[in-house]
Amino acid sequence: MKRLNNLFLLLLASLILMGCQQEKADPAPKQENKPSADKEDTSFSADDKVVTIDGKVLTYEDLQFHELMNKAEIELNRQQDEQKLKGAELEDKLAYWDEQLQYHDNFNVNLSKMIEQYSMYLLAKEKGLDVTDGEVKKAIGEFEEKVQQYGPASELVKAYPEDAYQNRLKRYFTEKLLTVKIYETLETDVKREKPNAPEKEIAYDTTKKYEELYQSQIGSLDLKINAAGK
């Protein structure tokens with residue numbers, strides 16, 4: 001996962017640089033309409049926008065929600081380790097999760113993950129993948145049940161505005177589940193190619209294919225970084 005995070009941050013840095021250069025340049029010629037692109041939502045002010053992906057505006061509130069979900073997942077992972085590990089191994093994992101919480105205080109880390117999830121969600125839709133309302137409701141229910149049972153995760157959620165939290169849950173988990181389906185599809189392909197390969201090799205090859213697919217996907221999108229942190 002650290003390899004993936006580093007890749008996303010490198011891509012993000014180059015995108016921010018390109019966005020800054022584009023703002024200084026003369027207006028580009030009008031491009032042909034892409035059938036998959038959404039018309040850009042003009043109801044947001046420039047100060048609201050963080051990134052625009054194929055016409056879809058993602059705002060600072062969206063980014064704050066992704067930060068919340070990233071940190072809540074970290075706390076839930078911490079809880080799992082507290083339940084199954086002991087001694088030095090537990091201490092090492094707890095230190096790791098503390099490090100991850102600090103890592104996700106970074107604007108660009110959360111932005112890269114938000115861009116990745118929405119971009120791969122678009123790719124899943126293009127490939128005809130889908131999730132049912134039942135699958136989304138189940139994922140939300142399982143997440144909220146775990147959050148309620150673990151204080152640190154629960155406190156994070158309680159500190160976030162209730163309306164903004166509820167309004168984003170369905171979209172977030174729809175995107176997340178479809179991103180997972182992309183990964184699972186690649187994993188199935190790898191297992192078919194290497195039926196006798198060990199799990200570590202399967203995971204390595206799947207992650208590599210995912211990275212390559214993400215690089216291709218991000219290069220195909222009309223993506224504009226509107227801000228580089230507040």
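The values are calculated or read from the model by the stated rules, or taken from the named source; none is laboratory data. For clarity, every value in this text was computed on a predicted model and none was experimentally measured. Cβ: placed from backbone, ideal geometry, glycine included. Neighbour counts: every protein chain shown.
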Extreme residue, nearest to the chain's Cα centre (by Cα), among residues of region 103-121 that are hydrophobic (A, V, I, L, M, F, W, C) and buried (at least 18 other Cβ atoms within 10 Å of the Cβ): M114
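Please count how many residues of region 58-98 are in contact (Cβ under 8 Å) with a residue 40 or more places away in the chain and of a type in the set (F, W, Y).
The number of residues fulfilling the criteria is 2.
Okay, residues lined up against (1) among the β-branched types (V, I, T); (2) more than 15 Å from D105 (Cα to Cα); (3) under 23 Å from the mean Cα position of the chain (by Cα):
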{"position": "T52", "(1), (2), (3)": "yes, yes, yes"}
{"position": "L68", "(1), (2), (3)": "no, no, yes"}
{"position": "E75", "(1), (2), (3)": "no, no, yes"}
{"position": "Q80", "(1), (2), (3)": "no, yes, yes"}
So, in region 99-123, of the ones that are of a type in the set (S, T, N, Q) and touching a residue at least 24 places away in the same chain (Cβ under 8 Å), which residue ends up farthest from E73 (Cα to Cα)? S119
Filter result for the condition that a residue is aliphatic (A, V, I, L, M), over 18 Å from the mean Cα position of the chain (by Cα) and surrounded by fewer than 16 Cβ atoms within 10 Å (Cβ to Cβ), over A153, A159: A159
Of the residues that make up region 16-39, is at least one farther than 17 Å from P152 by Cβ, among the β-branched types (V, I, T), buried (at least 16 other Cβ atoms within 10 Å of the Cβ) and modelled with pLDDT under 95? yes
Failed item, numbered, when N196 is tested on (1) in a loop (DSSP other than H, G, I, E, B); (2) within 17 Å of M114 (Cα to Cα): (2)
Residues (in a helix (DSSP H, G or I), touching a helix residue (DSSP H, G or I) at 6+ places or on another chain (Cβ under 9 Å) and either farther than 30 Å from E175 by Cβ or of a type in the set (V, I, T) (or both)) located in region 65-97: I74, E89, L90
